[in-house]
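One structure is given below, encoded as structure tokens.
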Amino acid sequence: MRVWMISLRMSIVFMILLGLGYNLVVTGIAQLFMPYQADGSLIYDDQKQLVGSELIGQSFTEPGYFQGRVSSIEYNALGSGSANYAPSNPDLLTRTKASIEAWSSENPDVQISEVPLELVTNSGSGLDPHISPEAARVQIPRISKATGISQEELEQLVEKHISDRQFGFLGEPVVTVLELNLDLQSHLSIP
């Protein structure tokens with residue numbers, strides 16, 4: 001019985017210490033040294049209204065906005081992940097063909113061979129908020145037609161929003177679609 005009591009006390013101490021104490025310390029350190037990231041990398045518009053997170057993609061369907069990657073979960077952060085189909089799965093082929101057809105109808109000025117693969121396929125999480133600079137640039141003709149903004153101005157806007165590789169060598173340059181669209185909307189007066 002003595003061994004059981006010692007085990008029970010030790011379990012309670014470690015549950016409090018590691019289950020509660022550790023989390024409070026790590027959260028406190030994160031809030032102290034990197035509050036923006038600790039709070040979810042939230043993005044606000046010019047009126048200080050919360051519009052999203054730098055870490056979670058959103059659906060933009062209007063032709064006057066840049067569009068992100070396809071999401072089979074409709075960017076629902078509660079259920080991160082995609083169907084994870086094998087390349088030979090007919091459902092993957094069907095979904096990809098539908099994405100290509102939708103792209104072609106919305107962007108008739110761009111040859112499908114010029115479209116980066118990321119614009120017609122899912123990311124692993126279904127929540128990817130970034131696209132490559134090439135994926136942003138290939139959308140410029142559609143956005144220019146829809147908004148009346150010159151392609152040169154849109155190219156400058158994309159260039160402004162390119163984030164370089166992390167630490168200069170990790171990953172690839174990316175564009176956060178939400179931030180790009182907010183800038184497009186607020187500075188260039190898109191309704």
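Since every read-out is calculated from the coordinates, none of them should be taken as a lab result. Model, not experiment: these values are computed from the prediction. Cβ coordinates were reconstructed from backbone atoms using ideal geometry, including for glycine residues, and neighbour counts include every protein chain displayed.
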Cα-based shape type of the stretch 41-188, given that a ≥ b ≥ c are square roots of the gyration tensor eigenvalues and the cut on a/c is 1.5: oblate
Helix 22-33 vs. the chain, principal-axis angle (Cα, 0 to 90°, nearest 10): 40 degrees
Rounded to 10°, Cα long-axis angle of helix 90-106 versus longest principal axis of the chain: 50 degrees
At 0.36 nm per residue, and after removing the present C-alpha to C-alpha distance, how many nm does the segment from residue 114 to residue 25 gain when stretched out fully? 27.1 nm
Answer with one residue from 49, 16, 110: the one whose Cα lies farthest towards the positive end of the charge dipole of the chain, charges on Cβ with Lys, Arg +1 and Asp, Glu -1. 16
Sequence-distant lysines (8 or more away, or on other chains) whose Cα lies within less than 28 Å of residue 48: 160
Helix-only mean residue ellipticity at 222 nm, the chain, DSSP H runs n ≥ 4 weighted -39,500 (n - 2.57), per residue, nearest 500. What is it? -12500 deg cm²/dmol
Only four residue types carry charge here, +1 at the Cβ of Lys and Arg and -1 at the Cβ of Asp and Glu. Report the dipole size of the chain about the Cα centre in Debye, rounded to the nearest 20. 1080 debye
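Fewest first, what order do 159, 54 take by the number of other Cβ atoms within 10 Å?
So the residues, fewest neighbours to most, are 159, 54.
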Relative contact order of the chain, please, whole-number percent, based on alpha carbon pairs below 8 angstrom and at least 6 residues apart. 21 percent
Return 2, 165 ranked ascending by Cβ neighbour count within 10 Å, so the fewest neighbours appear first. 2, 165
Roughly what angle does helix 177-188 make with the longest principal axis of the chain, taking Cα atoms, 0 to 90 degrees, to the nearest 10? 50 degrees
